[in-house]
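Just so it is clear, none of the values below were taken in a lab; they were calculated from the coordinates. Keep in mind that what you see is a predicted model, and the values were worked out from it rather than measured. Methodologically, a virtual Cβ is constructed for each residue, glycine included, from the backbone with ideal geometry; neighbour enumeration extends over all protein chains shown.
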Amino acid sequence: MQRHYSTEPEISRVLIAATFSAVSSCCNFLQTDKVNRFSETLGAHSLSLRHTKTEVLQVNVGKLCNLTCVHCHVNAGPKRKEIMTCQTIDRIIDWFAHTEIPTIDLTGGAPEMIPDFRYFIERVKAMRPTRHVIDRCNLTILFDPGYKDLPQFLADHEVEIIASMPCYTLENVNAQRGEGVFEGSIKALQVLNSLGYGTHFPLHLVYNPVGAFLPGPQSELEADYKRELKKHFGIIFNSLYTITNLPIARFASYLRHNNKLEEYMQLLLDNFNPATVSGLMCRNTISVSWTGEVFDCDFNQMLKMNWRDGNGVLHLWDIDPAMVENREIVTGSHCFGCTAGAGSSCGGALV
Ligand code: SF4
Ligand code: SF4
């Protein structure tokens, strides 16, 4: 039985109609919201949000992607030109090597599409003591020309894969991500399984709601995914992460176009759960952009809520790793997306 999904086929059509100016104005709406209701809400619960020890360096290597998903908070796509250069990779690696941060988490866009993706991983894996690498993969990229040997490369370097898979049905996946994405994703998961992913190497899937609602319970969805993917396609994976869509970029455009932005914001506000705050990913993560600029998370990055000092925006190489702990996190109304219901992070639900 399928549950917790709402098929919204109009979502694709609406996004085609949405203009870039609509995207910009939605971002502005959230950015220029003078009253930080999220901060006020934290205060009302006697909570604050500060960095703890850094466990993850999340690097967004650029906006280039082979897909143009409806829920994308990056506005990524095949025509985007913003990608990390080799020089920036070297500066990040040099900084990272002088820290004890155990994990580097590569995201995008489709991170695999930058020319120096493999070089980046090879340099990290050559470090001693060894560091863990995560690749946030959209699966379909593994079948684009030039990427056929990439699954083997990832397995050889023991890279953890966190793969987008918004549903286990063709209809819902293709509505959110585009025609043919479901079939390509299934094929990619089968290849990854054949290389030991899901058994020897970690393979996690990510669920995003296909519309303006909160994810269902993570453990129930995981059981559904495991049963259906195994039964129909023989696919196995480790965990399912449910991630709430944040009302920014392309998803904000969809909400605005359907007059659902206020309603969705209210849904997030009404479901504020103080128990999620201690697990928010911004507490133990540093987020870096394709230019090396630093943020509290990938969402803040898209809203240009940079770390700054008196001289302007900070780059990773300006940061003293010892000074990050206890740093105050920059928040805004979009943060309600991380604290609604069971909470949401790059590792799924929080409570
Ligand atoms: S959601 Fe991921 S796969 Fe989809 S367009 Fe954005 S970056 Fe690409
Ligand atoms: S969007 Fe989420 S992860 Fe980012 S600062 Fe706000 S609460 Fe933290």
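Tabulated values for the structure
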item: Among the candidates Glu262, Glu179, residue that is surrounded by fewer than 23 Cβ atoms within 10 Å (Cβ to Cβ), among the charged types (D, E, K, R) and closer than 25 Å to Ala110 by Cα; result: Glu179
item: First in region 52-76 and farther than 20 Å from Gly292 by Cβ and near ligand 1 (Cβ under 9 Å from one of its atoms), second anywhere and assigned to a strand (DSSP E or B) and β-branched (Val, Ile, Thr), Cβ under 6 Å, 6 or more apart; result: none
item: Checking Leu240 against (1) under 30 Å from Leu192 (Cβ atoms); (2) crowded, with 17+ Cβ neighbours inside 10 Å; (3) free of Cβ contacts under 8 Å to residues at least 60 places away in the same chain, the condition it does not meet; result: (3)
item: Region 249-273: number of residues that are of a type outside the set (Asp, Glu), farther than 13 Å from Pro209 by Cβ and without any contact (Cβ under 8 Å) to a residue 60 or more places away in the chain; result: 2
item: Top-ranked residue in region 280-290 [being closer than 14 Å to Leu106 by Cα and of a type outside the set (Phe, Trp, Tyr); ranked as nearest to the chain's Cα centre (by Cα)]; result: Ser287
item: Criterion violated by Gly211 - all others in (1) at positive phi; (2) surrounded by fewer than 15 Cβ atoms within 10 Å (Cβ to Cβ); (3) touching a Phe, Trp or Tyr at 6+ places or on another chain (Cβ under 9 Å) satisfied; result: (2)
item: Which numbered condition Gly343 fails, given (1) away from ligand 2 (no atom under 11 Å from the Cβ); (2) assigned to a loop (DSSP other than H, G, I, E, B); (3) buried (at least 18 other Cβ atoms within 10 Å of the Cβ); result: (1)
